[in-house]
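For reference, the structure discussed in these notes is given below.
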Amino acid sequence: MSAIFPKWTNRLPVMIIIGGALTASAVTAGVWYYFTPKYARVGYQPIQPVSFSHATHVNQLGMDCRYCHDKVEQSWFSNIPAASTCMNCHNQVLKDDPRLELVRESAATGKPIPWVQIHRVPDFVYFNHAVHVNRGISCVECHGPIDKMEEVYHAKPLSMTFCLDCHRDPASKLRPLDKITDLNWTWSDDPNVAAQTQRAKGKEMMDHWRVESLENCSACHR
Amino acid sequence: MRYFLLIFGVLVVLVVLIAGRRGDLTRNRPLQIFPDMKRQLKLRPQTANSFFVSGLSSQLPPPGTIARSEPLNVGGQAVYPFEDLPVNTGRNPGTTNFVELNPLPVTAQLLERGQQRYGIYCTPCHGATGEGKGITQKIGAMAVVANLHDKRIVELPDGDLFNTISHGKNLMGAYAPQIALEDRWAVVAYLRALQLSRLGAVDDLSPEVRATLK
């Protein structure tokens, strides 16, 4: 009696199992790696209408973030500066530079500069800059090394895990209030000493400022 | 099986090549795979909004209105921002003369606040010591910056300094939008302390401190 199925079909179940397992693990790995804000958001760097550089203004000129983002200590929202803020200096500096054409036009006519927004939490999340900045959380924790960026990019995922990781243990991130905008600041040049001091001082500041560890859903979804 | 493995391998390599690694810089807007309720019809500050003629979601206040705020406490008296008082205008009420002295009580706290605000808003141009040798001047980007130890400026009344900070003067811009009213007086107080640091005489020191001088 001749065989109805050729001989290789004996291996078919094994092949299907191996193939299925490979495909499933590849898809799982892909989703795990790619379907997260760590991939989707981090690195987003849109082209801005004016080639404004934080590296020039903050790192080289030593300007404080609050010179431009001046409402960050009072408001939930950290404002993008008005063109008149730029013109305080640029009425003398690079007065006729073509790169600043839009800024001059905006200052003269009031037409806003169309900056592209980079960081933005979903509308069902309540976020507040003033709370964090006045409780010793530095800009660098959520925005990365802005002072080194020629063009701003999204450096941290700003996902719910990211927020909660810190809210569970704020002591590991707190720093003195006058060092909030000093993005390169550490307790000590030696990383071991810095980590130790952070633990000791962080605990102290938690008690002193009565910092709460906010993990209730209603803290951020209200 | 061989073909399957080959296609599988090619697909994996393709996906990795196209999608790249986490954290790669990209000009593309982040994809939203499940939009859920992430974007809702609500006004957010500093965004475009076609509802208003100007196209801005953050409207400018109509002329003559003031923001709702707590009154300022000046020596136990509640002062509102619309009142014609030295704290608000830097001038004697009903005149255009500048007030001679800071209307806020000068405390260590006020000076500390002034020092911090001065560091943020004034050092880029006037320098930490107020000589007009800030970084913008040092790199030769800015030509004219006033030296705050100039005899003329030292002799100006406090109200005039307040007015300069609030509304600017000649080439200097207005800082009222960036610095709150109380903080502007704090900066004036700190500026006076800076100037005094250059004008002090040895006799002003207490005998103990004087003894430590060489």
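Take peptide B:23-33, look around each residue's Cβ out to 10 angstrom, count Cβ atoms belonging to other protein chains, and average those counts.
6
Take chain A, connect every pair of alpha-carbon atoms lying under 10 Å apart with a spring to form a Gaussian network, then pick out the residue of A:Lys179, A:Lys111, A:Lys156 with the largest mean-square fluctuation.
Answer for the Gaussian network model of chain A: A:Lys111.
Charges on Cβ only, +1 for Lys and Arg, -1 for Asp and Glu, centred on the Cα centroid of segment B:1-156; of B:Thr123, B:Leu14, B:Pro103, which one is farthest towards the dipole's positive end?
Of the options given, the answer is B:Leu14.
Once label points are set 7 Å from the Cα along Cα→Cβ at both A:Phe124 and A:Glu105, what is their separation, rounded to one decimal in nm?
Spacing of the two 7 Å Cα→Cβ label points: 4.0 nm.
Quick check for you: with a 1.4 Å probe and neighbouring chains kept, what is the accessible area per residue of the protein assembly as shown, in Å²?
64
Run lengths n ≥ 4 of DSSP H only: what is the helix-derived mean residue ellipticity at 222 nm for chain A, with -39500 (n - 2.57) per run over all residues, to the nearest 500?
That calculation yields -11500 deg cm²/dmol at 222 nm.
Check each of the trypsin sites (Lys or Arg not before Pro) in segment A:66-103 and keep only those in coil by DSSP with at most 13 other C-beta atoms within 10 angstrom; list them in order.
A:Lys95
Which of these, B:Pro61, B:Pro81, B:Pro157, has the largest mean-square fluctuation under a Gaussian network model of chain B (Cα springs below 10 Å)?
B:Pro61
Quick one: ranking B:Trp185, A:Trp32 by accessible area, 1.4 Å probe, largest first, what do you get? Kindly include the intermediate steps, with their values, before the conclusion.
Values: B:Trp185 0, A:Trp32 170 Å².
Of B:Trp185, A:Trp32, the descending order of accessible area is A:Trp32, B:Trp185.
Can you give me the P(r) profile for chain B? Cα pairs, bins 5 angstrom wide beginning at 0, each as a whole percent.
In whole percents, the pair-distance histogram is 1, 5, 9, 12, 12, 9, 9, 9, 7, 6, 5, 4, 3, 3, 2, 2, 1, 1, 0, 0.
Over 22 Å between Cα atoms, which of A:Lys95/B:Lys138; A:Lys38/A:Lys203; A:Lys95/A:Lys179; A:Lys95/B:Lys133; A:Lys179/A:Lys203 qualify?
A:Lys38/A:Lys203; A:Lys95/A:Lys179
Most fluctuating residue of B:Val15, B:Val154, B:Val79 in a GNM of chain B with Cα springs under 10 Å: which is it?
Looking only at B:Val15, B:Val154, B:Val79, the largest GNM fluctuation is found for B:Val15.
Please name whichever of A:Ile118, A:Ser51, A:Thr9 sits farthest to the positive end of the charge dipole of segment A:1-125, dipole taken about the Cα centre and charges placed at Cβ: Lys and Arg +1, Asp and Glu -1.
After comparing all options, I get A:Thr9.
Summarise the accessible area of segment B:106-199 (1.4 Å probe, protein heavy atoms) by the percent that is carbon and sulfur.
57
Could you check how much of the accessible area of chain A is carbon and sulfur, as a whole percent, using a 1.4 Å probe?
Taking all protein chains in place, chain A shows 61 percent carbon and sulfur surface.
Which Cα, out of B:Gly140, B:Ser197, B:Ala174, lies furthest along the positive dipole direction of segment B:106-199 (beta carbon charges, K/R +1, D/E -1)?
Towards the positive end, the residue furthest out is B:Gly140.
The values are calculated or read from the model by the stated rules, or taken from the named source; none is laboratory data. Bear in mind that the values here come from a model prediction, so they are computed numbers and not experimental data. Neighbour counts are summed over all protein chains in view; Cβ atoms, including those assigned to glycine, are modelled from backbone coordinates with ideal geometry. Accessible surface is based on the protein model in full, side chains and every heavy atom, while ligands, DNA and RNA are left aside. Shrake-Rupley method; radii C 1.70, N 1.55, O 1.52, S 1.80 Å.
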